[in-house]
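**Q** Following this message is one structure expressed as structure tokens.
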Amino acid sequence: MNIIFLIFIHLFFLNALSAVMPSNNGEADIRVNQYINFIQSYCNNGYSEDDFQYLLSQCADPSILVDNDIPGVQKSLDELILYLRMLKKYKIIVQYERDFTIASCKTMNGNKFGCFLKKKVTSKTGVFAYEEFIELTNLENTYKIRSIQSNLFPASVVGINCSEESIYSTSQQINMAEENLNSGNVEEAIIQYLEVRPFNQIKSPKLEKKLLTVNLDSIFQKRYEQADLEFQKGNYEEAVSRYESIIRSYSTLSFSFKEKITSKIKECKDQIEYLSSLQLGNLYFSQKDYNNAISAYIKCLLIRPNDSIVKDKLLYCKGSIAEAFNAETRIDVQKAENLILSNKKNNRELGFSILMKYVHSDKINGKQYFLMAQIVDSPSARTSKEFNLNSRKRCLLTHQFMLNAHALGYNSEGFDIYWNEYLTEKSRSCD
Amino acid sequence: MRLIGIIPYFFLMCYFNLEAQADLLNTKQKLISFRQSKISFGLGLEGGGAIFNGALPYGYQAKRDTNTLLAAAILIFDLDAPNSRLSFTSGVETSNQGLLFVSDSISNQMTLRFRQIHIPLFLKFKIGGKFSRSNLLFLLGGSYNIPITYSSMNGNGFVSKNINSIQNTYSWISSIVWQLNIRGEESAIGTNVPPRIWIYFKGSGLMKSLFNPQGNGNILDIAGSEEIDYRDLKLTFGIAYLFSGKKKHEVK
């Protein structure tokens, strides 16, 4: 798309939204609205990736940090593009709530704004409600998006159900944390509170007070051990949830510990993907949809290359496909023979074209080669054009097809008449 | 009239292109193409009658000599072009014919017998497929006729064998042929039968008087050969066997 046109769109959004937005936080709102429009248009194929990248750079800070799959592991602008590409790949549509108003954005301190957005994400697993927190910073007298945090996880994108219960608003989560504290579940309460604490301006006095008295290192170490236990039991989703809660909550996490957890999360997700692919593969397998089963099993083998059961199933699928292909070919070839023998010009042309598809395979029998020889010797104008048959090529193919028919043991009075009486000495040798 | 009824029947049989063998295809034929063509030899026999259509001196009539058969034997050279609708046929034919000139006076009766060699050339048009069980052929052409023997006998028993009395002539010929492709027929006939049989009806008309105007003596007692314009229309029915090479060729 022409860059001038893009600038025009950009200015159009800016002006249109300026007209309806109040002035104090207006610019921040406009930026967020722009962002929303761009994302939605991108998801609906309104922009190419290049166009989108350009538009996004207009409303986002180049050093933007996006935190919308593994919370705490932030991504750059380039990675955001990759993330959006993934949305498109999986046909995920992001629909922001349109009643977004100035009230949604609040001043965080001096030159910072924070906006909470609600959105609906439609994927193949269903429609889910999510929240997104966008932080804007005033740089050189203009607001640009500095960071995006969302509870949209790729696991839900690729088909693992993300339960509604796991998605809470920050205030709900603080309430739950307080309930946990009241019921004596201090560790859980602390972790829940710390997860949402950075995004909530209203602090819980009880939990703040408790924070001063607990040993965070031991709480997170215990949490880590619990996550490891779940991992060992094979409860990978639960393990991921626990590992991720550590990253979300523990702001002073050491780099090496964070790396260790990130690697564990990746391992969990691989295993989840393996199980999900295996389940999907088995489902396709039971439905005899071997093509899709193969794709799923290949994904499994990428994660566990030595899985002999999956390997066996993959071989079975390939064998079944080959067998089905052979059966289909046999039917195809027989149909072609019937078409040729139907004695109608169009049918004969079609039958010959079908047989020519299999000419290098071992699916054609002697009689079919003999029929092909006769057609190629005196082709119709259409057949001649389709296979570019000049007189030399015609002779060579006729000769070759006759030899093939003979080699396959075909013998009939018709064959005898054709070879001995119809063909001349010259045609028998093509010299 | 019966003949007119049979022609559409032949035409339909050929039109339906019934293949002689289940695995032989009647693929495309061009109007004229000599691809895969070869010359076939054939032998035929025919017989029929002649209708006089010339001019005789007043009081004379031309009649068929009931003691002489109008018959011919023919050696056929057929250019068999399976991929072509049009083709050519030639041959050498020898015929035997007898004439009776009669007048009111018995003493003026004259009997003539002669043999000729005919060298015909036909343009042949084929209806039906290249591997059909039968085809319909239309032949149109001309023939050059050379006399080889001649004898005449008048009412007094005088016999003349002066061959100069008759001359080389030419005629137009038209023929309709039903070609049976027996060799290809799926049957228990075996392979010793000829590959093709022609059953035909032929019409030919002399385009020049049979008698030599410069010939010696009178053909009839009162008229010289220059005064007799003998032309006729011959209608014959024939059958011919056409052979093709039975040599087996190794498939290689």
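The values are calculated or read from the model by the stated rules, or taken from the named source; none is laboratory data. Nothing here was measured: the structure is a model prediction, and the numbers come from that model. With ideal geometry, Cβ positions are generated from the backbone for all residues, glycine too; neighbour counts draw on all protein chains shown.
**Q** Please go through the stretch A:416-431 and give me each residue that is more than 7 Å from chain B (Cβ to nearest Cβ) and either of a type in the set (Val, Ile, Thr) or part of a helix (DSSP H, G or I) (or both), ordered by number.
**A** A:416, A:425, A:426, A:429
**Q** Can we say residue A:415 is buried (at least 19 other Cβ atoms within 10 Å of the Cβ) and over 17 Å from residue B:37 (Cα atoms)?
**A** It is true that residue A:415 is buried (at least 19 other Cβ atoms within 10 Å of the Cβ) and over 17 Å from residue B:37 (Cα atoms).
**Q** Quick one: which of A:263, A:361 is outside any helix (DSSP H, G or I) and of a type in the set (Gly, Ala, Ser)?
**A** A:361 is the lone residue from the list that is outside any helix (DSSP H, G or I) and of a type in the set (Gly, Ala, Ser).
**Q** Residue by residue through the stretch A:303-330, note down the ones that are small (Gly, Ala, Ser) and closer than 29 Å to residue A:363 by Cβ.
**A** Result: A:319, A:320, A:322, A:324, A:327.
**Q** Related question: Looking at the stretch A:348-378 only, could you name the residues that are of a type in the set (Lys, Arg) and within 10 Å of another protein chain (Cβ to nearest Cβ)?
**A** Answer for the stretch A:348-378, where residues must be of a type in the set (Lys, Arg) and within 10 Å of another protein chain (Cβ to nearest Cβ): A:348, A:367.
**Q** Of (1) within 11 Å of another protein chain (Cβ to nearest Cβ); (2) part of a helix (DSSP H, G or I); (3) in contact with a helix residue (DSSP H, G or I) (Cβ under 7 Å, 6 or more places away or on another chain); (4) more than 17 Å from residue B:36 (Cβ to Cβ), residue A:402 satisfies all except one. Which?
**A** Going through (1) within 11 Å of another protein chain (Cβ to nearest Cβ); (2) part of a helix (DSSP H, G or I); (3) in contact with a helix residue (DSSP H, G or I) (Cβ under 7 Å, 6 or more places away or on another chain); (4) more than 17 Å from residue B:36 (Cβ to Cβ) one by one, residue A:402 breaks only (4).
**Q** Now for a separate question. Would you mind stating whether residue B:151 is in contact with a His (Cβ under 7 Å, 6 or more places away or on another chain) and in a strand (DSSP E or B)?
**A** Against the criterion (in contact with a His (Cβ under 7 Å, 6 or more places away or on another chain) and in a strand (DSSP E or B)), residue B:151 does not qualify.
**Q** Hey, can you tell me all the residues within the stretch B:235-252 that are within 14 Å of chain A (Cβ to nearest Cβ), closer than 30 Å to residue B:197 by Cβ and either at pLDDT 75 or above or surrounded by fewer than 16 Cβ atoms within 10 Å (Cβ to Cβ) (or both)?
**A** Correct list: B:242, B:243, B:245, B:246, B:247, B:248, B:249, B:250, B:251.
**Q** Take the residues in the stretch A:406-415 that are in contact with a helix residue (DSSP H, G or I) (Cβ under 7 Å, 6 or more places away or on another chain) and over 13 Å from residue B:22 (Cα atoms); name whichever of them is nearest to the other protein chains (Cβ to nearest Cβ).
**A** A:410
**Q** Looking only at the stretch B:213-234, how many residues end up being out of contact with any Asp or Glu (no Cβ under 7 Å at 6 or more places or on another chain) and modelled with pLDDT under 85?
**A** Looking only at that region, the number is 15.
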